[in-house]
Amino acid sequence: MQTPPKPNYQRELEQTLSTIPAGTKPHLFLHACCAPCSSYVLTYLSKYFAITVFYYNPNIYPEEEYTKRVAEQQHFIERLPAKYPISFVEGTYDKECFYEMARG
């Protein structure tokens, strides 16, 4: 039995982006777990969207490490030369809620 070809997600993204009307600035709400993981995505998509980064990662321990990663995400956004603005929203750091959810 032959396996169906895998989708080319980059091509699909480019096709979707080509449907954005010229001169418009759509908004994108993007979850980020850390600055390194979001770096390429923000660099690429900031050419097309005004982005709000939602930083949420309560599985990071200890809290001091979490705080360092939040600061690095904010620092990366501030330094990124983006065509459209990138704003930042931090989710609630509730490690106990995460532990309860992941326990079972």
(request) Could you tally up the Lys pairs in the range 10-104 with alpha carbons closer than 22 Å? Skip any pair fewer than 8 positions apart unless they're on separate chains. (result) 4
(message) Just to be sure I understand, if you calculate mean projected area of the Cα convex hull in nm² for this structure, which of [x] 5.6; [y] 6.2; [z] 9.9 do you get?
(response) [z]
(request) List every residue whose amide H lies under 5 Å from the amide H of ALA32, counting only residues 5 or more places away in sequence or on a different chain, with H placed 1.01 Å from N in the peptide plane. (result) PHE54, TYR55, TYR56
(message) Using helices alone, I'd like the mean residue ellipticity at 222 nm for the chain: each DSSP H run of four-plus residues gives -39500 (n - 2.57), total over residue count, nearest 500.
(response) -13500 deg cm²/dmol
(request) Over the range 1-83, with every protein chain in place, what whole percent of the accessible area is carbon and sulfur at 1.4 Å, could you tell me? (result) 57
(request) Go through the range 76-84 residue by residue and turn each phi into a ³J(HN,Hα) via Karplus (6.51, -1.76, 1.60, θ = phi - 60°); whole Hz please, and just put x for glycine and proline. (result) 4, 4, 5, 8, 6, x, 9, 5, 10
(message) Between helix 35-45 and the chain, what is the angle of the helix's C-alpha long axis to the longest principal axis, kept within 0 to 90° and rounded to the nearest 10?
(response) 20
(message) Explain nothing, just the number: dipole magnitude of the range 35-91 about its Cα centre with +1 on each Lys and Arg Cβ and -1 on each Asp and Glu Cβ, in debye rounded to the nearest 20.
(response) 380
(request) Find the accessible area per residue for the chain; the probe is 1.4 Å, ligands and nucleic acids are left out, and the unit is Å². (result) 72
(message) Can you compute the charge dipole magnitude of the range 3-104 about its Cα centre, using +1 on each Lys and Arg Cβ and -1 on each Asp and Glu Cβ, nothing else charged? Give it in debye, rounded to the nearest 20.
(response) 540
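The values are calculated or read from the model by the stated rules, or taken from the named source; none is laboratory data. Just so you know, these numbers come straight off a predicted model, no measurement behind them. Every residue, glycine as well, gets a Cβ built from its backbone with ideal geometry; the counts of neighbours run over all protein chains shown. When the accessible area is computed, the model is the full protein with side chains, heavy atoms only, and any ligands, DNA or RNA have been set aside. Shrake-Rupley method; radii C 1.70, N 1.55, O 1.52, S 1.80 Å.
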